[in-house]
Amino acid sequence: MDANAQKREAAEAALELLPESGVLGLGTGSTAKLFIEGVGRLVKQGRKFQGVATSEQSHRQAQELGIPLLNPDGPWDIDVCVDGADEVSDALDLIKGGGGAHLREKIVNHAAKQNVIIVDESKLSTQLGERWPVPLEILGFAHRAIAKSLEALGEPVQRLRDGAPWRTDSGNYIYDLKVGTIDDPARLERSLALIPGVVETGLFVGRADVVLIASRKGVRRVDKSSI
């Protein structure tokens, strides 16, 4: 089974955890896209779901599939948010932001009663930072000065797309901070938040309630309560 098939299995397993009806947080990325496809299928079958999208990409996909969407201004009463991750540690802490949507993803994650993370086994690590740098959404204003401040914590690299600075849906820049293996993700997150101009980090510490991990052997569920 290849990675795409594993992602689809994880997405399908997440559909089984949904309530009969309610408000869903719709994540961003290749695995979340498969989950949104599944929600669209359920809506066509008559299930009463409304969505809150974490990116313009997910918003467009949900609209095309006929999933009713709530006003992006909020507030919302989200029953379950389902999203992917770029890296998942043994402690179920996450690095997100490979798709540049981690600011909106974290807002929706915070508003949800339950957060379900769907990944394939390639995203697993013992500690965060083994596989990914930490994505940071930062202001365009003074971004080079902000990057200079980030050097106290790691090596900041501005993310480009098609040769130009990557702009998020909120119009900000993305820097990827190379820090190596992270012994204390919560402490790093606090330190980054103190730097003026850092809008949000891709560190999601203690924010996953359930992680569904797809592999060639099937889908394994890990709950935060069991860690």
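Read-outs: derived from the displayed coordinates by stated rules, not from any lab. Values in this document were obtained by computation on a predicted structure and should not be read as measured data. For neighbour counting, all protein chains shown are included, and Cβ atoms are generated from backbone atoms with ideal geometry for every residue, glycine included.
Please compute the net charge surrounding ARG159, taking Lys and Arg as +1 and Asp and Glu as -1 over other residues with Cβ under 15 Å from its Cβ.
Working: positive: LYS96, ARG144, ARG161, ARG167, LYS178; negative: ASP86, GLU137, GLU155, ASP162, ASP169, ASP176, GLU200.
Local charge sum for ARG159: -2.
For the chain, with a Gaussian network of springs between Cα atoms less than 10 Å apart, report the residue from LEU177, LEU194, LEU42 with the top mean-square fluctuation.
LEU194
Counting only other residues whose beta carbon sits under 15 Å from that of ASN172, what net charge do I get with K and R as +1, D and E as -1?
Working: positive: ARG104, LYS106, ARG144, ARG159, ARG161, ARG167; negative: GLU56, GLU105, GLU137, ASP169, ASP176, GLU200.
Charge balance in the 15 Å sphere: 0.
Stokes-Einstein at 37 °C, 0.692 mPa s, Kirkwood radius from Cα pairs: D for region 134-199 in µm² s⁻¹? Don't skip to the answer; put the middle values down first.
Working: Rh = 12.1 Å.
So the translational diffusion coefficient is about 272 µm²/s.
When the helices in the chain are scored as -39500 (n - 2.57) per DSSP H run of 4 or longer and the sum is shared across all residues, what 222 nm value do you end up with, to the nearest 500 deg cm²/dmol? Working shown, then result.
Details: 6 runs with 65 residues, N = 227.
For the chain, the value works out to -8500 deg cm²/dmol.
Mind listing the phi-derived Karplus ³J(HN,Hα) values for region 110-125, rounded to whole Hz, using 6.51, -1.76 and 1.60 with θ = phi - 60°, and x for any glycine or proline?
These are the phi-based 3J(HN,Hα) values: 5, 7, 8, 5, 9, 10, 10, 10, 10, 9, 9, 5, 5, 8, 7, 8 Hz.
Taking a ≥ b ≥ c as the square roots of the eigenvalues of the Cα gyration tensor of region 104-156, is the shape rounded (a/c under 1.5), prolate (a/b larger than b/c) or oblate?
Working: a/c = 3.30, a/b = 1.45, b/c = 2.28.
Oblate shape, in that a/c is at least 1.5 and b/c is the bigger or equal ratio.
Helix 56-65: angle to the longest alpha-carbon principal axis of the chain, degrees 0 to 90, nearest 10?
Result, in degrees: 10.
For the pair GLU155 and THR181, how long in nm is the line joining their label points, each one 7 Å along Cα→Cβ?
For GLU155 paired with THR181, the spin-label model returns 1.8 nm.
From the phi angles alone, apply the Karplus equation (6.51, -1.76, 1.60; θ = phi - 60°) to region 146-157 and give each ³J(HN,Hα) in whole Hz, x where the residue is Gly or Pro.
5, 4, 4, 5, 5, 5, 5, 10, x, 10, x, 10
On a straight-distance basis, which lysines could pair with LYS224 in a cross-link, Cα separation under 26 angstrom, same-chain partners fewer than 8 positions away excluded?
LYS7, LYS33, LYS96, LYS106, LYS113, LYS123
Which part of region 109-139 falls in the paramagnetic zone of ALA164, meaning amide N under 12 Å from the point 7 Å along Cα-to-beta-carbon?
No residue passes the distance filter.
Using a Förster distance of 25 Å, how high is the FRET efficiency between SER122 and LEU69, based on the Cβ-Cβ distance and rounded to 0.05? Can you show the working numbers first?
Numbers: r = 31 Å, r/R0 = 1.23.
Efficiency for this residue pair is about 0.20.
First select every other residue whose beta carbon is under 14 angstrom from the beta carbon of VAL43; then total the charges, Lys and Arg +1, Asp and Glu -1. It would help to have the intermediate numbers written out before the result.
On the way: positive: ARG41, LYS44, ARG47, LYS48; negative: GLU20, GLU37, GLU64.
Summing Lys and Arg as +1 and Asp and Glu as -1 gives +1.
Return the single residue from ASN115, ASN172, ASN71 with maximal mean-square fluctuation; model: Gaussian network over the chain, springs between Cα atoms under 10 Å.
Highest fluctuation among the options: ASN71.
Between LYS148 and ALA3, what FRET efficiency follows from the Cβ-Cβ distance if R0 is 45 Å, with the result rounded to 0.05?
Details: r = 37 Å, r/R0 = 0.83.
After rounding to 0.05, the efficiency reads 0.75.
Which of GLU200, GLU56, GLU64 moves most in a GNM of the chain, Cα contacts under 10 Å?
In the Gaussian network model the winner is GLU64.
If only Cα atoms are counted, what is the Rg of the chain, and what is its Dmax, in Å?
Using the Cα atoms of the chain, the pair Rg, Dmax is 17.2, 53 Å.
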